[in-house]
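The values are calculated or read from the model by the stated rules, or taken from the named source; none is laboratory data. Nothing here was measured: the structure is a model prediction, and the numbers come from that model. Reconstructed Cβ throughout: ideal geometry from the backbone, glycine too, with neighbour counts over all protein chains shown.
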Amino acid sequence: MKKSIFILGISALLIACGSSKESAQKTASKPAPAKMDATEFAKSITEAELKEMLYTYASDEFQGRNTGEPGHEMAVNYIKNFYTQGNISALQSNGNYFQDVKLNQLYSPEVSFSVNGKSMTYFDDLVSLSASAEANINTNEAVYVGFGIDDDKYSDFKTIDVKGKVVIAKAGEPKNEDGTYVISGNADKSKWSNGRQGPRAKRDAANTNGAKALILIDDATFKAYSAFYKRRADSNSSMGLSLDDGKKDTSEMLYMLSNEAVVNSIDNDLLSSNTPKIISANIVLNQKNNSVPMVSKNVAGYVKGSEFPDEYIIISAHSDHVGVNANGEVFNGADDDGSGSMAVLEIAEAFKMAADKGQAPKRSIIFLHVTGEEKGLLGSRYYTDIDPLVPLENTVANLNIDMIGRIDPKREGDRNYVYLIGSDKLSTDLHNLSEEVNNKYMNIELDYTYNDENDPNRFYYRSDHYNFAKNNIPIIFYFNGTHDDYHKIGDTPDKINYDLLENRTRLVFYTAWEVANRPSRIVVDKPIDKTAGN
């Protein structure tokens, strides 16, 4: 009996050894997939596919993709369907591609305003540029801050405290005796009086210095805004959107645009002075917002990383545009930002192809289509400030694509370029990698014109990457510059340069590929000091 067991045991051992040897031979006959160059996957990004998709996405059928409206719902469903059909996973573990972004649809607020007992009339004397704010102000003093500028070369705030105060500022900026501007040093206006950027810059300066309210006296700008806002109020149209974080925020600064009648009720000669000073005046300013809650959607797909799956590169574009005008004409937004939206889809397809061939990126790649960019970067702000779908501290970089299908008129005849903004703001590492990738693969001219800190257009602050940058996440913003059809009905898909769109999209893909596959994550060597209020 024991002998039989021994013989059987020997036989089993021999069989097992034979099986192991056979298994090893089979394993040896199936080597790991050969490492493919990134160019093989980049080839899947083609101008033909970009064109086919963009002609759909920027068609009249999508009604200009205004945030939260039916055309925008069609747009986010188009994006979702691309991912489902391509078997590209949803970022959220529940399989939902959509992130609900809670917003408030704002209508004309209820405002009452008097100066020294004299009532001012809404639309005739002032309009609110902060329709979401609420406040009840009754004070016997205000602060006049001249031009309301806070700049390294000239500041109206350095000698006077405006914290918790009502601040009054005037339009324009100071000049030298020879007629040049103090801040620019030449005949060019700076951001402080350059079109729409002037009022925004003065708002930000007052807010940063702690003002409770800003009244900007600017007759010309007031007339334009007042007429526009009155038309919208008369038709019960929305004044805009704001984020809804579920909290009642009474800290938002009131921002009013007014004519000279307001300041003349205090002092007829006040605007002739540039010197900041305290003003004795009874100012009663009350505002109650008028809003209706609504929901729009971000869309997020991803390809999981093979070695560092909990580190993420986010490639983003905004899905919305500005809708339809009063005459029923569609703002197609082919360049803004149909070009970026379709670029993200093509990049996603390339990374999925790599993963399917056994060469998934080492770090995870998120494809994020944000809503409400045109309404104030709302979708990206919701993602970063309220509901990040992955931890911000695990987000290695954001590559943001907003308008890459056209040619800046200043670059006519020299078309092989793309503007890069922000690559060096937080990370020398990312900037150097970006340059090396371009030299290795594409040889596109990387134009840093709009990366200048003194650029009056302030593009660095005007697209979705900024909400990542303010959280010390390194970013690159890819941009072709503005053109005559910017925010006009002429931004149609027939005007896109699809060969340039292909090349610029491939550049973003290659950059993401290198960021995702390097041994260590991008280093942030120039972080923002958040405690300093940056």
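Given the conditions (1) touching a residue at least 12 places away in the same chain (Cβ under 8 Å); (2) more than 16 Å from VAL127 (Cα to Cα); (3) acidic (Asp, Glu), and given that ASP204 satisfies all but one, which numbered condition is not satisfied?
Failing condition for ASP204: (1).
Tally time: how many residues in segment 233-246 are out of contact with any Leu (no Cβ under 9 Å at 6 or more places or on another chain) and closer than 13 Å to TYR122 by Cβ?
So the answer is 2.
Among the residues in segment 351-358, are any under 18 Å from ASN66 (Cα atoms) and surrounded by 24 or more Cβ atoms within 10 Å (Cβ to Cβ)?
Narrowing segment 351-358 to residues under 18 Å from ASN66 (Cα atoms): none.
The answer is no; no qualifying residue exists.
Within segment 441-452, can one find any residue that is within 20 Å of the chain's Cα centre (by Cα), surrounded by 23 or more Cβ atoms within 10 Å (Cβ to Cβ) and more than 26 Å from ALA58 (Cβ to Cβ)?
No.
Please go through segment 262-285 and give me each residue that is over 37 Å from the mean Cα position of the chain (by Cα), more than 15 Å from GLU141 (Cβ to Cβ) and part of a helix (DSSP H, G or I), ordered by number.
ASN264, SER272
Hey, can you tell me all the residues within segment 451-483 that are among the β-branched types (Val, Ile, Thr) and farther than 21 Å from VAL523 by Cβ? Let's see the steps before the verdict.
Of all residues in segment 451-483, those among the β-branched types (Val, Ile, Thr) come to 473, 475-476, 482.
Scanning segment 451-483 gives a single hit, THR482.
Any idea which of PRO293, PRO309 is outside any loop (DSSP other than H, G, I, E, B), without any contact (Cβ under 8 Å) to a residue 60 or more places away in the chain and not aliphatic (A, V, I, L, M)?
Numbers: PRO293 fails: without any contact (Cβ under 8 Å) to a residue 60 or more places away in the chain.
Being outside any loop (DSSP other than H, G, I, E, B), without any contact (Cβ under 8 Å) to a residue 60 or more places away in the chain and not aliphatic (A, V, I, L, M) holds for just one of PRO293, PRO309, which is PRO309.
In segment 328-366, what residues are in contact with a strand residue (DSSP E or B) (Cβ under 7 Å, 6 or more places away or on another chain) and not in a helix (DSSP H, G or I)?
Once the filter is applied, which keeps residues that are in contact with a strand residue (DSSP E or B) (Cβ under 7 Å, 6 or more places away or on another chain) and not in a helix (DSSP H, G or I), segment 328-366 yields VAL330, PHE331, GLY333, ALA360, PRO361, LYS362, ARG363, SER364, ILE365, ILE366.
Of all residues in segment 116-134 being surrounded by 20 or more Cβ atoms within 10 Å (Cβ to Cβ) and among the small types (Gly, Ala, Ser), which is modelled with the highest pLDDT?
SER128
What is the one condition in (1) in contact with a Ser or Thr (Cβ under 9 Å, 6 or more places away or on another chain); (2) touching a residue at least 40 places away in the same chain (Cβ under 8 Å) that ALA326 does not satisfy?
Here ALA326 clears every test but (2).
Is it fair to say GLU141 is assigned by TED's automatic domain parsing to the domain that holds LYS212, charged (D, E, K, R), surrounded by fewer than 22 Cβ atoms within 10 Å (Cβ to Cβ) and modelled with pLDDT under 95? Lay out the reasoning, then the answer.
On the way: assigned by TED's automatic domain parsing to the domain that holds LYS212: yes; charged (D, E, K, R): yes; surrounded by fewer than 22 Cβ atoms within 10 Å (Cβ to Cβ): yes; modelled with pLDDT under 95: no.
No: the conditions fail for GLU141.
Would you be able to say whether some residue in segment 210-220 is out of contact with any strand residue (DSSP E or B) (no Cβ under 9 Å at 6 or more places or on another chain) and more than 28 Å from LYS375 (Cα to Cα)?
Looking through segment 210-220, none of the residues is out of contact with any strand residue (DSSP E or B) (no Cβ under 9 Å at 6 or more places or on another chain) and more than 28 Å from LYS375 (Cα to Cα).
Kindly list the number of the only condition in (1) surrounded by 14 or more Cβ atoms within 10 Å (Cβ to Cβ); (2) assigned by TED's automatic domain parsing to the domain that holds PHE228 that fails for TYR83.
Here TYR83 meets the rest and fails (2).
Restricting attention to strands (runs of 3 or more DSSP E) lying wholly within segment 82-194, give those where 1 or more residues are among the small types (Gly, Ala, Ser) and out of contact with any Lys or Arg (no Cβ under 6 Å at 6 or more places or on another chain). Spell out how you get there, then give the answer.
On the way: elements: 98-115, 118-120, 126-128, 135-144, 166-170.
It comes to 98-115, 118-120, 126-128, 135-144.
Looking for whichever is more than 24 Å from ASP125 (Cβ to Cβ) and of a type in the set (D, E, K, R) here; the options are ASP188, ASP218, ASP156. Which one fits? Step through it out loud before you land on a result.
Working: ASP218 fails: more than 24 Å from ASP125 (Cβ to Cβ); ASP156 fails: more than 24 Å from ASP125 (Cβ to Cβ).
So the residue among ASP188, ASP218, ASP156 that is more than 24 Å from ASP125 (Cβ to Cβ) and of a type in the set (D, E, K, R) is ASP188.
Quick check on this structure: which one of ALA348, ALA334 is surrounded by 18 or more Cβ atoms within 10 Å (Cβ to Cβ), out of contact with any Asp or Glu (no Cβ under 9 Å at 6 or more places or on another chain) and hydrophobic (A, V, I, L, M, F, W, C)?
ALA348
If I ask for residues that are surrounded by fewer than 16 Cβ atoms within 10 Å (Cβ to Cβ) and either in contact (Cβ under 8 Å) with a residue 40 or more places away in the chain or on the phi < 0 side of the Ramachandran plot (or both), which ones from segment 184-198 would you list? Can you show your working first?
Step one: list which residues in segment 184-198 are surrounded by fewer than 16 Cβ atoms within 10 Å (Cβ to Cβ), which gives 185-188, 195-196.
Across segment 184-198, the qualifying residues are ASN186, ALA187, ASP188, ARG196.
Identify all residues within segment 136-180 that are under 31 Å from the mean Cα position of the chain (by Cα), over 21 Å from LYS277 (Cβ atoms) and not basic (Lys, Arg); write none if there are none.
ASP152
Can you tell me which residue among ALA227, ALA211 is closer than 30 Å to PRO293 by Cα, assigned to a loop (DSSP other than H, G, I, E, B) and at pLDDT 90 or above? I'd like the intermediate steps shown before the answer.
Details: ALA227 fails: assigned to a loop (DSSP other than H, G, I, E, B).
Going through ALA227, ALA211 in turn, just one is closer than 30 Å to PRO293 by Cα, assigned to a loop (DSSP other than H, G, I, E, B) and at pLDDT 90 or above: ALA211.
Among the listed residues VAL322, VAL292, VAL299, which satisfies the condition of being under 18 Å from the mean Cα position of the chain (by Cα) and closer than 24 Å to GLY246 by Cβ?
Answer to the check: VAL299.
If TYR312 meets every condition in (1) in the same structural domain as HIS483 (by TED's automatic domain parsing); (2) surrounded by fewer than 24 Cβ atoms within 10 Å (Cβ to Cβ) apart from one, which number is that one?
For TYR312, the failing item is (2).
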